[in-house]
Amino acid sequence: MRNSAARGYPGVQSVARAVRILELLAEGADELGVTELGRRLGVHKATASRLVSTLANHGLVERNPTTDKYHLGFGVVRLAAVVTAGLDLVRQARPVLERLAEETGETVNLAILDGARVVNIDQIAGPHLVVNVNWVGKRTPLHCTSSGKVFLAHLSDRERARLLRGQLERLTPSTIVDKDLLRAHLLEAEVQGYAYTVEELEVGLNAVAAPVRDSTGAVVAAVSVSGPVYRLTGASIPEVGRRARDRGTEISRRMGFRTEAASARVVSS
């Protein structure tokens, strides 16, 4: 059934067959050669060979040099680990995010770094809000979002320079496009434990964010609070920032981070 479905969509036929190879290798304990894979796929041996070679080039399958047959590679393990870690992060953070939304009455998001962008992976609305914008899955710039500033503040100088190379995009009249000014904001964020934006991504929208660390102390996510300027005012940003910082620390502890151990490492170094 899967093969006939794949033939109905020639544009994705190779993808469907490659996925089926991974499924076949995952279903049984035995390794499979290209002849057997071709038979099970209903394709010529040469076609199966090309598909499995592509998968091998990406580390998704590996060839046993003794038997000349294939088994799943560590690339699959790496991809699975990323998904598992993301799911675990959301699961550990969710109750804390809900509490932060209750405390602030505003929308709370959990974001991760995705290349040169930030992507939100979970969102909780404040208890009295009707959310018009769902940020989950949306990729936003680093320099004009509170979560993006959190990541930038904790990157190495070299990596930060790489991500900020070129001209910074101005999205609103308040977007910071001067890199020296942005660096000052990032230094402030690192010192106070939270970053903020004032109408830098959207006119009328303010936000604060704080880091979430894993067991090694690396910043793996950011928890943010966003709201309209008439509620999340400039005067209220420090208090909301402290709440976000405290909740970020709480999530970090749930992810295995220990502030005591981190302090000990700093003292010993």
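The values are calculated or read from the model by the stated rules, or taken from the named source; none is laboratory data. Fair warning: this is a prediction, and the values are worked out from it, not measured in the lab. Backbone-built Cβ (ideal geometry, glycine too); neighbour counts: all protein chains shown. The protein model used for the area step is the full one, side chains on, heavy atoms only, and it has no ligands, DNA or RNA in it. Shrake-Rupley method; radii C 1.70, N 1.55, O 1.52, S 1.80 Å.
Phi-derived couplings, Karplus 6.51 cos²θ - 1.76 cosθ + 1.60 at θ = phi - 60°, listed residue by residue for segment 51-56: 5, 5, 5, 5, 4, 5 Hz, with x used for Gly and Pro. Whole-Hz Karplus values for segment 223-240 come out as 9, 10, 10, 10, x, x, 4, 7, 10, 8, 7, x, 5, 8, 4, x, 5, 5 Hz, taken residue by residue from phi with 6.51 cos²θ - 1.76 cosθ + 1.60 and θ = phi - 60°; glycine and proline positions read x.
Solvent-accessible surface of the chain, taken per residue with a 1.4 Å probe and all protein chains present: 55 Å².
Under a Gaussian network description of the chain, with springs only between Cα atoms under 10 Å, the residue in G59, G137, G126 that fluctuates furthest is G59. For the chain, with a Gaussian network of springs between Cα atoms less than 10 Å apart, report the residue from R258, R91, R17 with the top mean-square fluctuation. In the Gaussian network model the winner is R17. Packing around the peptides 160-171, 60-71, 190-201, taken as the average count of other Cβ atoms within 10 Å per residue, puts them in this order, highest first: 190-201, 60-71, 160-171. Mean-square fluctuations from a GNM of the chain, with a 10 angstrom spring cutoff on Cα atoms, peak among V223, V118, V34 at V34.
For a straight C-alpha distance cut-off of 24 angstrom, the lysines reachable from K149 (same-chain residues fewer than eight places away being disregarded) are K138, K179.
Charged side chains reduced to their Cβ positions (Lys and Arg at +1, Asp and Glu at -1) give the chain a dipole of some 800 debye around its Cα centre. Shown in residue order for segment 168-178 are the 3J(HN,Hα) couplings computed by the Karplus curve 6.51 cos²θ - 1.76 cosθ + 1.60 at θ = phi - 60°: 6, 6, 9, 9, 9, x, 9, 4, 7, 10, 7 Hz (x for Gly and Pro). Within the accessible surface of segment 99-164, defined with a 1.4 Å probe on protein heavy atoms only, the carbon and sulfur portion equals 48 percent.
Within the straight-line cut-off of under 26 Å between alpha carbons, the lysines reachable from K45 are K69, sequence neighbours fewer than 8 places apart in one chain being disregarded. Against the chain, whose longest principal axis comes from its Cα atoms, helix 74-104 is set at around 30 degrees.
The convex hull built on the alpha-carbon positions of the chain has an orientation-averaged projected area of 19.7 nm².
When the chain is described by a simple charge dipole with +1 on each Lys and Arg Cβ and -1 on each Asp and Glu Cβ, the residue from V229, T216, V177 located farthest towards its positive end is T216. Accessible surface comparison of I21, I112, probe 1.4 Å, protein chains only, largest first: the order is I112, I21.
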